[in-house]
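Here is the structure we will look at, set down as structure tokens.
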Amino acid sequence: MDGALNVEITVSGEAQAADTQSVGLPDYLVKTYAWAYLRPANIVVLDNPFVVNAILWGNFRRLVCLACEEFAYGQRILQAASVYGDLSARLAETVGSAGHLDVVDIAPVQVEHCRRKLASYPQARVRVADAAAPGGGLYDGVCCFFLLHEVPDGHKRAVVDGLLNSVRPGGKIVFVDYHQPIALHPMRPVMQAVFRWLEPFANGLVRRQIEEFASARDEFSWSKSTYFGGLYQKVVAVRPLADPDVRAPASA
């Protein structure tokens, strides 16, 4: 990846056998989010249901349900990036034993952590990959849960395009993320401060429509719903069945 820092991440067990220990991580991840995603001690603290729910002002469970309701038993699903909380387990339960869940993350430490969480779900696989080029072929569905607000605007387009290219004809992608709240929302000043100090790439998301980041936006049918006074959004993009020009990405 262009502009990447070569960062040594120590992993163990299955993760060490499957993934390289020296991984090029994007500059923005190392400089902005190392405290949240790359430090093992902090991962343990932050991946806590009470912490996750507090960060989303009590809306975590609702937002997870809104994402999972878009998928079904037996489907092949891609989750873009490891997520704190039980989203991955809920998706694995949704697709069931007849389905498959692929979780990708660019950070080996997150991959190892997510593998431990999903150890009891044989239908789930977790691997190192960039969401902008996830590999794995085509999927019935893709779930992008609170990822876009954490990447720079230029990479938002690459991620959206990479994930859209992973959707088979008749399949869908579901984005759940922050949104511009209504003008009189009581949390608006608080979230402006959060975006200013902790989430520097979030304003680039909430000031635009997610479909604007898609190079092939016209190849999908888009719908959007907002929640909690507009602070959160769910955007669903469906690829029509009649799309003979779709090409499957190379399998991982």
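For this structure, a couple of remarks:
- Within region 167-189, residues that are under 20 Å from A132 (Cα atoms) reach no partner that is surrounded by 19 or more Cβ atoms within 10 Å (Cβ to Cβ) and at pLDDT below 95 with beta carbons closer than 9 Å at six or more positions or on different chains.
- When region 230-250 is filtered for residues that are loosely packed, with under 15 Cβ neighbours inside 10 Å and modelled with pLDDT of 95 or more, only P240 remains.
- For region 175-185, a residue qualifies if it is under 13 Å from the mean Cα position of the chain (by Cα) and surrounded by fewer than 21 Cβ atoms within 10 Å (Cβ to Cβ), and exactly one does: D177.
- Filter pass, E199 being touching a helix residue (DSSP H, G or I) at 6+ places or on another chain (Cβ under 8 Å) and under 22 Å from T32 (Cα atoms): yes
- Note on region 191-204: residues that are surrounded by 15 or more Cβ atoms within 10 Å (Cβ to Cβ) and among the β-branched types (V, I, T) total 0.
- Long-range neighbours under 8 Å by Cβ, at least six apart or interchain, first residue free of Cβ contacts under 8 Å to residues at least 60 places away in the same chain within region 23-51, second of a type in the set (S, T, N, Q) and surrounded by fewer than 17 Cβ atoms within 10 Å (Cβ to Cβ): G24/N6; W35/N42; A36/N42
- Condition check for R188: surrounded by fewer than 20 Cβ atoms within 10 Å (Cβ to Cβ) and within 16 Å of L148 (Cβ to Cβ): no
- Index of the failed condition, D153 passing every other in (1) in contact with a helix residue (DSSP H, G or I) (Cβ under 7 Å, 6 or more places away or on another chain); (2) surrounded by 20 or more Cβ atoms within 10 Å (Cβ to Cβ): (2)
- Of the residues in region 196-218, none is within 14 Å of A131 (Cβ to Cβ) and either in a strand (DSSP E or B) or in contact with a Ser or Thr (Cβ under 7 Å, 6 or more places away or on another chain) (or both).
- Scanning region 66-93 for residues that are touching a Lys or Arg at 6+ places or on another chain (Cβ under 8 Å) and under 22 Å from K224 (Cα atoms) gives L66, A67, C68, E70.
The values are calculated or read from the model by the stated rules, or taken from the named source; none is laboratory data. If you're wondering where the values come from, they're calculated on a predicted model, not measured in any experiment. Cβ sites come from the backbone with ideal geometry, for glycine too, and all protein chains shown count toward neighbours.
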